[in-house]
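Peer 1: Starting off with a structure, shown below.
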Amino acid sequence: MAKKKKIAIVGAGKLGSALAESLRAAGYRISEVVSRDTPASRRRARALARRVSARATTIPRPELTAEIVWFCVPDRAIALQAAALAKAHPDWHGKIAVHSSGAHDSVELAALRARGAATASAHPLMTFVPGVRPSLASVGFAVEGQAAALRAVRGLIRALGAQAYPIDARRKVLYHAWGMFASPLVIALLAVTEGVAARSGVGRAKARERMAPILRQTLENYVRHGPAGAFSGPIIRGDAETVRKHLRALKGMPGASEVYRALARAALGSLPVKNRKALIRALAG
């Protein structure tokens, strides 16, 4: 552990907690957890610091003995907190500053770069929710920034058992939108799905239980065989009459018919289907 660089984590939320605990398990020393100077933020920082044997400090009074400072804060706070830390700790020569925004590049850390830090961004394509600490092994981290910072960050990512790959800073917003489709919008779709189940007489909790096998199999089919090999149901068969029945049944359900039509039209544009013209007419009706 003594040969590995010390790391300070800025932010004790879901991502910061998962990252700090994973790095600690990989043999890195977490020297401090830096938080905003508010009661709730200090409480979270103290709790995380206890779990990873670190000190809890605040942005106005950091220690920053670490060689690597990793920002795990909301996008809107990165530049503001970087500027605050630059003011609180003016000399950043020899340090590396990295943030984990998926939509913003390392320019958000310009205040620290001006003080001598090498800067980068490293975003894990993973979902973080309260009460869950996902493994970071095999997770892809999109990285960009200055060469010195990237060398160090790639080493940390390898130590986590994860994978680093370069991202063009100009394409980060599209990259982040990809992540939105991969998880949050999937959950939005499943929330609509629960509503349809409820209208059919199946309660939401029971619907989740009954959908679990088909969801797992669908995802496994997708990963193994791609979208075309995982696609099934009336659209691939060209069953326009069943699609019409679905749409009639969904009338009066706010959002459900719109989601159905949008996804069905997306399927017509990108997946193998039969009876395409009849399906287009059914979706227009």
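The values are calculated or read from the model by the stated rules, or taken from the named source; none is laboratory data. This is a predicted model, so every value here is computed, not measured. Cβ sites come from the backbone with ideal geometry, for glycine too, and all protein chains shown count toward neighbours.
Peer 1: Every residue in segment 131-149 that is assigned to a strand (DSSP E or B) and in contact with a helix residue (DSSP H, G or I) (Cβ under 8 Å, 6 or more places away or on another chain), please.
Peer 2: PHE141, ALA142, VAL143, GLU144, GLY145 - these are the residues of segment 131-149 that are assigned to a strand (DSSP E or B) and in contact with a helix residue (DSSP H, G or I) (Cβ under 8 Å, 6 or more places away or on another chain).
Peer 1: For LEU85, state whether it is buried (at least 19 other Cβ atoms within 10 Å of the Cβ) and within 21 Å of the chain's Cα centre (by Cα).
Peer 2: Criteria not met by LEU85.
Peer 1: Next question. List every residue pair whose Cβ atoms lie under 6 Å apart, where the two residues are 6 or more positions apart in sequence or sit on different chains, the first residue falls within segment 201-228 and is within 17 Å of ALA188 (Cα to Cα), and the second residue, located anywhere, is surrounded by 13 or more Cβ atoms within 10 Å (Cβ to Cβ).
Peer 2: Here the result reads ARG204/GLU194; ARG204/ALA198; ALA207/GLU194; ALA207/ALA197, each pair linking segment 201-228 to a residue that is surrounded by 13 or more Cβ atoms within 10 Å (Cβ to Cβ).
Peer 1: Would you please name the residue that is surrounded by the fewest Cβ atoms within 10 Å (Cβ to Cβ), looking only at residues in segment 96-152 that are modelled with pLDDT of 95 or more and among the charged types (D, E, K, R)?
Peer 2: Here the answer is ARG151.
Peer 1: Select, from ARG50, ARG76, the only residue that is part of a helix (DSSP H, G or I), over 30 Å from LEU174 (Cα atoms) and not aromatic (Phe, Trp, Tyr).
Peer 2: ARG50
Peer 1: From the list ALA20, ALA12, exactly one residue is at pLDDT 95 or above, in a loop (DSSP other than H, G, I, E, B), aliphatic (A, V, I, L, M) and under 15 Å from HIS99 (Cα atoms). Which is it?
Peer 2: ALA12
Peer 1: Further question: If you go through segment 247-285, how many residues are within 26 Å of GLY226 (Cα to Cα) and not hydroxyl-bearing (Ser, Thr, Tyr)?
Peer 2: Qualifying residue count, segment 247-285: 23.
Peer 1: Now a separate question. For segment 150-204, what are the residues that are over 30 Å from TYR260 (Cα atoms), out of contact with any Phe, Trp or Tyr (no Cβ under 6 Å at 6 or more places or on another chain), in a helix (DSSP H, G or I) and of a type outside the set (Lys, Arg)?
Peer 2: Scanning segment 150-204 gives LEU150, ALA152, VAL153, GLY155, LEU156, ALA159, ALA169.
Peer 1: While we're here: Taking the options ARG224, ARG261, ARG237, name whichever one is surrounded by fewer than 12 Cβ atoms within 10 Å (Cβ to Cβ), farther than 30 Å from SER121 by Cα and of a type in the set (D, E, K, R).
Peer 2: None of the others qualify; the one that does is ARG224.
Peer 1: Further, regarding this structure: With respect to ARG133, determine if the residue is more than 23 Å from SER257 (Cα to Cα), in the same structural domain as LEU19 (by TED's automatic domain parsing) and more than 17 Å from the chain's Cα centre (by Cα).
Peer 2: The answer is no for ARG133.
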